[in-house]
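Peer 1: Supplied in structure tokens, the structure appears directly below.
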Amino acid sequence: MSSRVFKVWRGDKSGGRFVDYQVQAEEGMVVLDAIHQIQRTQAPDLACRWNCKAAKCGSCGAEVNGKPRLMCKTRLDALPPGEVVSVRPMRSFPLIRDLVTDVSWNFQVNQKIPPFTPRPDATWIMQQEDVDRVQEFRKCIECFLCQNVCHVVREHDLKQHFFGPRFFVRIASLQMHPMDGLDRMALLKDQAGLGLCNVTKCCTEVCPEEIHITDNAIIPMKERVVDRYYDPLAWLWRKIRNAR
Amino acid sequence: MTQTELTAAADHGVGMTARRDAWWLQPLLIFIGLTTFGVYAIWAAWQGNNYLYVGHGAYYLSPFYSPDLQAIFGFQPPFSFAFLVLWIPLGFRASCYYYRKAYYRSYMLDPPACAVGEPKNRCYQGERKFPFILQNLHRYFFYLALLLLVSLWYDAIRALFFRGPNGGLQLGLGVGTLVLFFNVITLTAFSFGCNSCRHLIGGQLNCFSCSCTTRTRYKLWRGVSVLNLKHMEWAWVSLFAVGFADLYIRLCAMGIWHDVRLW
């Protein structure tokens, strides 16, 4: 058992500071264990959101050594040995207290997306190859690390004009669904601000579920927007097909 | 217990971050790699000579000068004719989704790396306004790149034939032939792994199992997806291959290197 120094953000929206804590590191320990040990032994008022401790509830997102991660999925032995471990709240969302942020913006965005709307002729018999793509997106645990790291939100603070990677994934899962009959292309292009994404793939890098957010959701949606709004040949082809 | 005064927003500003890893290394290497290739490509295209090696019966044409418009149409533009062709691969690569990531990060620092501060830009518009809205033309550059690929495959196959002492063509193999085949194979893998190709070939469908045509497109889409998974790797290998092919042919044509006939 060795001792490690944790530098944990303490404070609220009025201000705060990093506070150093000594943690007795044990084999197999994750950052969330260390936070719990700090709560138990040194700072019972340390605020931290968590639930399953199994990387499935998506509650314990934070920035460990500056990288957005789930605390319950970040093993201490995967961090550089001997170095101080810094833990701070996700930077893109308003701080409530210590490591807890207000992620309600994400739920507001979610409500703007029209839900699954079956086609009138939906047969409800689907082949596996038709739902494989959508199933990848269903792995999302809504930890919002992708929303936190996306520079459109984080650096440019364009929350009013941008839905963010998590919700591009949700829209992609609906648009690619073989039984869905609703068209969300105008929403994607205008209200969701898909064009603000410059495909720098940070969302994919931080996804704890390893969803290929950029390649399998955002880029295919960008290409569908091109089909609809920017490709004159696709436009001509649609006209010819509709005329037949 | 010690306390360090530091605001949560301390990493605002270019390169500011709480990350401790070498996040700057990848954008730096990409910057060096792309700049080196760009400078070499412009220089090589500017030269207008030493792009064809015909020594010892070989026929190796540099990919920067393919197709050989000067030989096909017999005209002599006032500038190197490579520039009549090079805008196609330049446009294809510049609008490629991988390269977009690479140069947005390395040249525009937008962002330089994940969770790293970037220059303050109050008018950030992403790819919604000119000039970056032109990225939406990527598929048209893909169509044009396919035409160039036909020409490059012709050049590689032509490099299999060597002119004999009696003037006839004989099947053969030189190091230059291998260089040209390596170039065209990697460029083909890069081009067909392109995200626009993946979309056009099947990604735009919602139902893969609905008809014989969609089932065929699904199989093609899966094949393209395999290439697409390594699109970054193909992008770099093909970039190196095309630069090296030009360099090899140029040095052979200048008499500095000597092509070895393997068969």
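Each reported figure results from applying straightforward, stated rules to the coordinates on display, with no laboratory input. Just so we're clear, the structure is a prediction, and the values are computed from it rather than from any experiment. Neighbour counts are summed over all protein chains in view; Cβ atoms, including those assigned to glycine, are modelled from backbone coordinates with ideal geometry.
Peer 1: By the 4.7 Å beta carbon criterion, which cysteine residues of chain B come out unpaired?
Peer 2: B:C96, B:C123, B:C212, B:C252
Peer 1: Only Cα pairs within less than 10 Å get springs; with that Gaussian network setup on chain A, which residue of A:H177, A:H36, A:H156 has the largest fluctuation?
Peer 2: Among A:H177, A:H36, A:H156, the largest mean-square fluctuation in the Gaussian network model of chain A belongs to A:H156.
Peer 1: Using unit Cβ charges (K, R positive; D, E negative) and no other charged atoms, how large, in debye to the nearest 20, is the dipole of the protein assembly as shown about its Cα centre? Don't skip to the answer; put the middle values down first.
Peer 2: Working: 56 positive and 40 negative charges, 198 e Å.
The dipole magnitude comes to about 960 debye.
Peer 1: Rounding to the nearest 20 debye, state how big the charge dipole of region A:1-108 is about its Cα centre with +1 on each Lys and Arg Cβ and -1 on each Asp and Glu Cβ.
Peer 2: The calculation lands at about 280 debye.
Peer 1: Net charge near A:L32: determine it from the other residues with C-beta under 11 Å of the C-beta of A:L32, scoring Lys and Arg +1 and Asp and Glu -1.
Peer 2: Result for the neighbourhood of A:L32: +4.
Peer 1: Follow-up question, since we're still on this one. Using only Cα atoms, find the angle between the long axis of helix B:231-253 and the longest principal axis of chain B, and express it within 0 to 90 degrees, rounded to the nearest 10.
Peer 2: Roughly 40 degrees between the two axes.
Peer 1: Please compute the volume of the convex hull spanned by the alpha-carbon atoms of region A:2-101 and report it per residue in Å³. Spell out each step's value before the answer.
Peer 2: Values: hull volume 9.1 nm³, N = 100.
Hull volume normalised by residue count: 91 Å³.
Peer 1: For a test of the definition: using alpha carbon positions, the gyration tensor, and the 1.5 limit on a/c, classify region A:121-244 as rounded, prolate or oblate. Don't jump to the answer; show the numbers that get you there.
Peer 2: Details: a/c = 2.33, a/b = 1.32, b/c = 1.76.
Oblate, since a/c reaches 1.5 and b/c is not below a/b.
Peer 1: What is the helix-to-structure angle for B:25-47, meaning the angle in degrees between its Cα long axis and the longest Cα principal axis of chain B, kept from 0 to 90 and rounded to the nearest 10?
Peer 2: Roughly 30 degrees, rounded to the nearest 10.
Peer 1: Is the C-alpha gyration tensor of region B:162-251 telling us rounded, prolate or oblate? Criteria: a/c under 1.5 is rounded; beyond that, a/b larger than b/c is prolate, otherwise oblate.
Peer 2: Details: a/c = 4.85, a/b = 2.09, b/c = 2.32.
Verdict is oblate for region B:162-251.
Peer 1: Using each residue's phi in region B:85-96, evaluate 6.51 cos²θ - 1.76 cosθ + 1.60 at θ = phi - 60° and report the 3J(HN,Hα) Karplus result to the nearest Hz, with x for Gly and Pro.
Peer 2: Going residue by residue, I get 10, 5, 5, 6, x, 4, x, 5, 6, 5, 9, 5 Hz, with x marking Gly and Pro.
Peer 1: Further, regarding this structure: Report, to the nearest 10°, how far helix B:212-229 tilts away from the longest principal axis of the Cα atoms in chain B, using its own Cα long axis and a range of 0 to 90°.
Peer 2: 80 degrees
Peer 1: Quick one: order B:W23, A:W237, A:W9 by neighbouring beta-carbon count within 10 Å, fewest to most.
Peer 2: Working: B:W23 19, A:W237 12, A:W9 24.
Listed from fewest to most nearby Cβ atoms, that is A:W237, B:W23, A:W9.
Peer 1: Looking at chain A, which Cys residues are left with no other cysteine's beta carbon under 4.7 Å from theirs?
Peer 2: Here A:C48, A:C60, A:C72, A:C140, A:C143, A:C150, A:C197, A:C207 come out as lacking a disulfide-compatible partner, given the Cβ-Cβ threshold of under 4.7 Å.
Peer 1: Turning to a different aspect of this structure: Is region B:25-253 best put as rounded, prolate or oblate by its Cα gyration tensor, with a ≥ b ≥ c the root eigenvalues, rounded for a/c under 1.5, and otherwise prolate when a/b is larger than b/c, oblate when not? Let's see the in-between values first.
Peer 2: Numbers: a/c = 2.13, a/b = 1.39, b/c = 1.53.
Oblate, since a/c reaches 1.5 and b/c is not below a/b.
Peer 1: So in the protein assembly as shown, what percent of DSSP beta bridges are antiparallel if you round to the nearest 5? It would help to have the intermediate numbers written out before the result.
Peer 2: Working: 31 of 34 bridges.
Roughly 90 percent of the beta bridges in the protein assembly as shown run antiparallel, per DSSP.
Peer 1: Also, quick follow-up: Run the quick spin-label model on B:A94 and B:L25: label points 7 Å from Cα toward the beta carbon, then report their separation in nm to one decimal.
Peer 2: Distance between label points: 3.2 nm.
Peer 1: If you don't mind, there's one more thing I want to ask. If I model region B:38-80 as equal point scatterers sitting on the Cα atoms and use the Debye formula, what is log10 I(q)/I(0) at q = 0.19, 0.22, 0.27 Å⁻¹?
Peer 2: Taken in order of the listed q values, log10 I(q)/I(0) reads -0.63, -0.82, -1.07.
Peer 1: Between the alpha-carbon centers of region B:81-139 and region A:151-177, tell me the distance in whole angstrom.
Peer 2: After rounding, the separation between the Cα centres reads 20 Å.
Peer 1: Got a sec? Charge dipole of region A:104-243, +1 on Cβ for Lys and Arg, -1 for Asp and Glu; which of A:F137, A:C207, A:H161 is way out at the positive end?
Peer 2: In region A:104-243, that residue is A:H161.
Peer 1: May I pose another question? For chain A, list the DSSP H helices whose alpha carbon atoms reach 27 Å or more along the long axis and whose average Kyte-Doolittle value is -1.0 or above?
Peer 2: none
Peer 1: Here's a follow-up. Expressed as a whole number of Å, what is the distance separating the alpha-carbon centroids of region A:27-86 and region B:43-58?
Peer 2: 60 Å
Peer 1: Would you calculate the separation in nanometres between label points at A:C52 and A:K139, each defined as 7 Å from the Cα along the Cα-to-beta-carbon direction?
Peer 2: 1.3 nm
Peer 1: Per residue of B:111-119, what is the mean number of Cβ atoms on other protein chains within 10 angstrom of that residue's Cβ? Present the calculation step by step, with values, prior to reporting the outcome.
Peer 2: On the way: counts 10, 2, 3, 14, 14, 5, 3, 4, 1.
That works out to 6 on average.
Peer 1: Please compute, for peptide B:130-142, the average count of beta-carbon atoms on other protein chains lying within 10 Å of each residue's beta-carbon.
Peer 2: That works out to 3 on average.
Peer 1: Hey, which lysines would be in cross-link range of B:K120, C-alpha to C-alpha under 25 Å, not counting anything within fewer than 8 residues on its own chain?
Peer 2: Hits, sequence-local ones excluded: A:K13, A:K67, A:K159, A:K189, A:K201, B:K101, B:K129.
Peer 1: Still on this model: Sorted from largest down, what three extents in whole angstroms do the Cα atoms of the protein assembly as shown have along their principal axes?
Peer 2: 93, 60, 42
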